[in-house]
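Here is the structure we will look at.
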Amino acid sequence: MSSGSIRNVVFDIGNVIVRWAPLEIVKLTFGEVKAPEVLVKAIFQSGTWLDLNKGLISESDAKAQYQQFLNLSDLECERLFYYVKQTQILIFGSIDLLQRVKLAGYNVYALTDNVHEIVSHLKSTYTFWPLFDGATVSAELGLLKPQAEIYQSLLMQYRLDASETIFIDDMPRNVMGANAVGITGVQFENAAQCEEALKALGLSF
């Protein structure tokens, strides 16, 4: 890949820009419970959570479903969604990386499986969102990574050429989803590793 061929860098949000830690969320919400991993699965791999990410239901709908299906109390639901938001701390070095890539003249975008209320929280809490030249959010489309359509939606909406685009995500399946539509995928471990990977692909910043 020649150094001049990449024009667009697309960032996932959870575990790339901000931390996403379901196990920690469960422990903070419920305290020391037996088998917290089981609760993580029941909450974050449920139809309720997927529907929330697809924008089919609201946070208040999700709370009602968790009370109905998981017997969570009103207070537990309030705590759960408090910690869902408050644990999303900035990942070390990621904003600096984003800013330097943008300053070097590349277009930067976000592509995230995310919930309306969480996106609102991130926009009001941090200053990074306006750095993006555009953002594709699952809840606005009813699609989730690694569905081909969510990557294609990003490309179409912002008139990007897949061959000129890099996508950064922490999840191997989402990186592979990008590769499948002709976007170069980079798996994120930390900002320093990501910077090396981008420079290895010919980016200069």
Of all residues making up the range 154-184, the number that are over 16 Å from the mean Cα position of the chain (by Cα) and not aromatic (Phe, Trp, Tyr): 16
Among all residue pairs at least 6 apart or on different chains, which show Cβ distances below 6 Å where the first residue, located in the range 125-142, is in the same structural domain as Arg159 (by the TED database) and in a loop (DSSP other than H, G, I, E, B) and the second is among the aromatic types (Phe, Trp, Tyr) and open to solvent by less than 70 Å² (accessible area, probe 1.4 Å)? Phe132/Tyr109; Asp133/Tyr109
So which residues in the range 36-74 are at positive phi and surrounded by fewer than 16 Cβ atoms within 10 Å (Cβ to Cβ)? Asn71
Any idea how many residues of the range 10-35 are over 15 Å from Val84 (Cα atoms), surrounded by fewer than 20 Cβ atoms within 10 Å (Cβ to Cβ) and either in the same structural domain as Gln152 (by the TED database) or of a type outside the set (Val, Ile, Thr) (or both)? 3
Using the structure shown, decide if Gly4 is under 24 Å from Gln187 (Cα atoms), at pLDDT below 95 and open to solvent by 30 Å² or more (accessible area, probe 1.4 Å). yes
Those residues of the range 91-102 which are in a helix (DSSP H, G or I) and surrounded by 17 or more Cβ atoms within 10 Å (Cβ to Cβ) amount to Ser94, Ile95, Leu97, Leu98, Val101
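Rundown of residues vs (1) open to solvent by 20 Å² or more (accessible area, probe 1.4 Å); (2) in contact with a strand residue (DSSP E or B) (Cβ under 8 Å, 6 or more places away or on another chain), yes/no style:
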site: Tyr83; (1), (2): yes, no
site: Tyr126; (1), (2): yes, yes
site: Ile166; (1), (2): no, yes
site: Val175; (1), (2): no, yes
site: Val186; (1), (2): no, yes
Of (1) open to solvent by 40 Å² or more (accessible area, probe 1.4 Å); (2) assigned to a helix (DSSP H, G or I), Ala197 satisfies every one except (1)
Counted residues in the range 149-158 being free of Cβ contacts under 8 Å to residues at least 60 places away in the same chain and open to solvent by less than 40 Å² (accessible area, probe 1.4 Å) come to 4
The conditions are (1) assigned to a loop (DSSP other than H, G, I, E, B); (2) open to solvent by 20 Å² or more (accessible area, probe 1.4 Å); (3) not assigned by the TED database to the domain that holds Val137, and Gly105 fails exactly one of them. Which is it? (3)
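The values are calculated or read from the model by the stated rules, or taken from the named source; none is laboratory data. Given the structure is predicted, the values throughout are model-derived calculations rather than measurements. In this analysis, Cβ positions are derived from the backbone assuming ideal geometry, glycine residues included, and neighbour counts consider all displayed protein chains. SASA here: full protein model, heavy atoms, side chains in, ligands and nucleic acids out. Shrake-Rupley method; radii C 1.70, N 1.55, O 1.52, S 1.80 Å.
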